[in-house]
Amino acid sequence: MKPADHPSKEVWETHYTRPKAKLSYPDENLVRMISKFPPSSPSPKALDFGTGSGRHCVLLKDFGYEVYAADYSENSVQSVKESYPWVQTFLLNSPPYPFTDEKFDLIVSWGVLHYNSPDLAKSMLDDTFRILKKGGYLAASVRAEGDTHLKAEKGKIGTADLAGGATWFYSKENVQALLKDFSSFEIGYTERTPLGKLDERICHWIFLAQK
C-alpha cells in the first residue's frame, strides 16, 4: 500500500512504535467466529491481513493454520517477525497482492478496511477475494456509523494517538454491498464504551463471509 495511496501511513508507523500498540490478546468476537468452522484442508493456510501487532497470529496457529501476516507498516511487520518468528510476514503495497489465486483457507481482516478510502477498501477486498479459496472464509470487522471514540471529523481521526489518520464509517447497507460477491455472509454489530467514558461509543460491524 503505497504512501501516496495512504496519506496516514506515517501515523501508523509511529503508532506501532508505542507500547500500547503491542496488543497480545485476540478479539473475543474473532475467537467465536472462527470457532464455528474447522479448517477445510489437511494443511490449511490463514492470512492475518493488516496484522498490526500480530495479536491474532497465535490464535490462528492454535486453530491449526499455517500463519501468514501482512501489513503496510514496516514497524508492524518487523514487530511480528520479532515476536512470532514462525509467521511468514509480508510488507504490502496496494493491490494486487503477491499471493497466488485461492491460496488461503481463511483471511482475517480485523479493523483494517475502514482506515482506507471506500474505493481502496473495495479494491483491497476484491483482491483478498481472489486469494481466498473457494469455500474459504473471510472474518472481518469495520467501524460502524455512530462511533464517537475516534473523534473523527470529515474523514480524519481526532484522537491524540492517531491524529491525522484517515477513517470512514460503514452502514449495514455499505457492508452488505461490500460482500455481494461472496456466496454467503453473516453480519453482527458490537457497541461498547471505554471504561470511565460512558459518553463515548466504539461501534463495529463484524462479519463472516464464505466464498
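The values are calculated or read from the model by the stated rules, or taken from the named source; none is laboratory data. Because the structure is predicted, anything quoted here is derived from the model rather than measured. Quick reminder, even Gly has a Cβ in these numbers, built from the backbone with ideal geometry, and neighbours come from all protein chains shown. Remember, those area values only see protein heavy atoms, side chains included, never the ligands or the DNA or RNA. Shrake-Rupley method; radii C 1.70, N 1.55, O 1.52, S 1.80 Å.
See the values below:
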item	result
Odd one out for SER123, checked against (1) free of Cβ contacts under 8 Å to residues at least 40 places away in the same chain; (2) touching a Lys or Arg at 6+ places or on another chain (Cβ under 7 Å)	(2)
Conditions (1) open to solvent by 50 Å² or more (accessible area, probe 1.4 Å); (2) under 18 Å from the mean Cα position of the chain (by Cα); number of the one not met by TRP110	(1)
Residue count, region 45-70 (criterion: in contact with a Gly (Cβ under 8 Å, 6 or more places away or on another chain) and open to solvent by 10 Å² or more (accessible area, probe 1.4 Å))	1
Listing of strands (runs of 3 or more DSSP E) fully contained in region 123-211 that carry 2 or more residues being at pLDDT 95 or above, open to solvent by 20 Å² or more (accessible area, probe 1.4 Å) and charged (D, E, K, R)	132-143, 184-192
Of residues in region 21-44 being of a type in the set (Ser, Thr, Tyr) and touching a residue at least 60 places away in the same chain (Cβ under 8 Å), the one least open to solvent (accessible area, probe 1.4 Å)	SER41
Positions within region 28-49 being in contact with a helix residue (DSSP H, G or I) (Cβ under 8 Å, 6 or more places away or on another chain) and under 23 Å from ARG130 (Cα atoms), in sequence order	LEU30, ILE34, ALA46, LEU47, ASP48, PHE49
Those residues of region 113-122 which are surrounded by 22 or more Cβ atoms within 10 Å (Cβ to Cβ) and either assigned to a loop (DSSP other than H, G, I, E, B) or touching a Cys at 6+ places or on another chain (Cβ under 7 Å) (or both), in sequence order	ASN116
Among the candidates SER76, SER94, residue that is within 20 Å of ASN116 (Cβ to Cβ), buried (at least 18 other Cβ atoms within 10 Å of the Cβ), modelled with pLDDT under 95 and not hydrophobic (A, V, I, L, M, F, W, C)	SER76
Yes/no for PRO26 being assigned to a loop (DSSP other than H, G, I, E, B) and at pLDDT 95 or above	no
